[in-house]
Amino acid sequence: MDAGVSSALVHYHFATREALLGEALEYSYEQAGDVRISSGELPVATHAERLQSMINQCLPSTASLEQDWVLWVELWLRAVRHPEVRPVAEKLYERMRRWFAAEIADGVRDEEFADCDPDAVADRTLALLDGFGLRTLIGDSAVSLARAREEVWAAIAGDLGVAISQRAARGR
């Protein structure tokens with residue numbers, strides 16, 4: 001109704017609610033994820049700064065990112081209840097994992113990061129982002145956005161062989 005589209009038209013294009021959710025998430029990721037990657041929004045100074053920026057962009061730090069997070073939560077719930085949605089979730093997580101793993105691998109290649117398994121560190125980063133991001137999203141008073149940034153960075157800094165800086169805590 002809000003979009004001014006008839007339910008018949010929605011049903012014509014999407015066989016199920018899960019299909020609609022999948023498409024909404026794909027669109028959200030295209031807009032929020034791929035656009036960031038291709039538009040050069042990430043700083044180019046160091047791989048650590050780029051990774052810190054990526055972490056910040058994956059937390060519910062703006063109204064738009066909060067809306068994206070609500071879609072993710074819906075995806076998680078539907079994927080648990082509806083097996084046909086699981087491939088959508090896997091596909092989106094794989095794209096995010098590749099994005100993080102590529103930056104980590106570049107940092108290892110350029111000897112800014114310690115020799116580590118970029119895929120494993122990327123998976124760990126995503127798990128940390130999911131946990132701290134969800135607590136931030138629900139307004140958990142124990143987990144501010146700044147603390148979420150700091151905790152995610154602190155957890156992976158050892159794997160990367162980099163210092164835990166105040167810069168990470170501020171999200172800059």
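The values are calculated or read from the model by the stated rules, or taken from the named source; none is laboratory data. Computed from a predicted model, the values in this text were never measured in an experiment. FYI the Cβ positions are ideal-geometry reconstructions off the backbone, even for glycines, and counts take in every protein chain you see. We work out accessible area using only protein heavy atoms, side chains counted, and drop any ligands, DNA or RNA first. Shrake-Rupley method; radii C 1.70, N 1.55, O 1.52, S 1.80 Å.
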Q) Which of the residues that make up the range 51-100 are acidic (Asp, Glu), within 13 Å of the chain's Cα centre (by Cα) and either at pLDDT below 90 or not in a helix (DSSP H, G or I) (or both)? A) ASP68
Q.
Restricting to the range 60-78, give me the number of residues that are touching a residue at least 60 places away in the same chain (Cβ under 8 Å) and aromatic (Phe, Trp, Tyr).
A. 1
Q) Checking ALA45 against (1) surrounded by 15 or more Cβ atoms within 10 Å (Cβ to Cβ); (2) in a loop (DSSP other than H, G, I, E, B), which test does it fail? A) (1)
Q: Starting from the range 18-32, keep only residues that are closer than 13 Å to ALA89 by Cβ, then list their pairs with residues that are at pLDDT below 70 whose Cβ atoms are within a distance under 7 Å, requiring at least 6 positions of separation or different chains.
A: none
Q | Extreme residue, farthest from GLU66 (Cα to Cα), among residues of the range 114-146 that are part of a loop (DSSP other than H, G, I, E, B) and among the aliphatic types (A, V, I, L, M) | A | ALA114
**Q.** Extreme residue, farthest from GLN57 (Cα to Cα), among residues of the range 101-110 that are acidic (Asp, Glu) and in a helix (DSSP H, G or I)
**A.** ASP106
Q | Extreme residue, least open to solvent (accessible area, probe 1.4 Å), among residues of the range 54-87 that are under 19 Å from ALA127 (Cβ atoms) and of a type in the set (Gly, Ala, Ser) | A | ALA79
